[in-house]
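Each value in this text was obtained by applying a stated rule to the coordinates, not by laboratory testing. What you see is a predicted model; the values in this text were computed from it and never measured. Counting neighbours? That spans all protein chains shown, and the Cβs are built from the backbone with ideal geometry, glycine included.
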Amino acid sequence: MAGQHISTLADEDCEDISDTFIPVYRETPDGGTLTLMDGSTSYANCAGNIVFDVVHSTSAPNLSYWYIITDNNDNILATHNSDDGSTLDLSGAPAGECRIWGWNYSGTTSPVAGQHISTLADEDCEDITNDFITINRLDCSECTPVTNIQHELMAPAKCRITWDALPNQVRWDVHYRIQGTASWTRIGALNSEKTLHFLAPNTVYEYIVRPYCGTWDFALASPIRRFNTANIPNTFARQQVLDNSSINVFPNPTRNLLTVNFSTETLSDVNLSIMDMTGKLVHEVITVNTKDNHTKTLDVSRLEQGYYLIVMQTNGERIIRKFAKIQ
């Protein structure tokens, strides 16, 4: 009788029930989410070397879950049962692009190659993911541009640039410049990141990345990207900063020697120092006891290329000039 315990069917000599039972799960199919192991939804590598792991999440874990491979038009190419593992090997496929979907279903439906992915979500017993993983199978017989370029400001005068490297790329060049200027500064990289130092504060920079796949075999540069450096920190705002004509620096920009011309109205100690754009001291302090006009020549040949501050301190006042060091 409905509502009674199953044991009531085994309490007399003329009835018996099985020792085991078949569980029946009533779940609504849910395609859920499908990503790579790191949570991303895109993967690129050379054709012939396309092996990656995926992970899925669904609210119906007791139903079958398959990974469906489609072309860019979402037509089914192949399938993989998640019970057979989460590693997908597409190394046999030629260069091109495909998509990986998740499919959760109950019943005997089978995906048909050539049909559209939407045919796997047209009944109550099946569902596919809303999004997909994009797989780029690159033709590495040619040098191709880098992908997934990112930048991170690490200080007012420092920026770290990263990108995804391909197996056939052996080195890279990063070119950068202040927006609106014509010439680029080039620095090399032996791995897929490079940090730019001694940048001007509160300035928009442009940069590109170009990979090399051999001594002279290089790809097209990436599209131009931009970042904006921050303002100089308050290191220099704690004391009075004078911006007048009592100090001049030349030549500006300079390669080796920097001449500093300054004047004081009374006999006093004058401290000269060079700082980078973060406020770090990069040249020893020079103390001069002088009055009226004075000229001092500083050797800056060992400084790296970039912008610096020449700082003069006298009588409790601080005067700052910016100069550029070039190679």
Inset, instruction - Let me have the relative contact order for segment 147-228, percent, based on Cα pairs under 8 Å that are six or more residues apart. - result: 30
Legend entry - Per-q log10 I(q)/I(0), the chain, q = 0.07, 0.08 Å⁻¹ (Debye; single scatterer per alpha-carbon; no solvent): -0.55, -0.63
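Summing +1 for each Lys or Arg and -1 for each Asp or Glu, what net charge is found among the other residues whose Cβ lies under 13 Å from the Cβ of GLY48? Please list the in-between numbers first.
Values: positive: ARG137; negative: ASP89, ASP139.
Charge balance in the 13 Å sphere: -1.
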Legend entry - Selection from TRP66, ALA44, LEU34, by position along the positive dipole direction of segment 33-138 (Cβ): ALA44
Inset, instruction - With a 4.7 Å Cβ cut-off, tell me which Cys residues in the chain come up empty for a partner. - result: CYS14, CYS98, CYS125, CYS159
Inset, instruction - Can you tell me the dipole magnitude for the chain around its Cα centre, using point charges on the Cβ only (Lys, Arg +1; Asp, Glu -1), in Debye to the nearest 20? - result: 3960
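Report the net charge of residues surrounding ARG137, where surrounding means a beta-carbon distance below 14 angstrom and charges are Lys +1, Arg +1, Asp -1, Glu -1. Show your work: numbers first, answer last.
On the way: positive: ARG99; negative: ASP71, ASP89, GLU97, ASP139, GLU142.
My count for the surroundings of ARG137 gives -4.
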Legend entry - the chain: relative contact order in percent, alpha carbon pairs under 8 Å with at least 6 residues between: 12
Inset, instruction - With a point put 7 Å past each Cα toward its Cβ, work out how far GLU284 is from ARG225 in nm, to one decimal. - result: 4.2
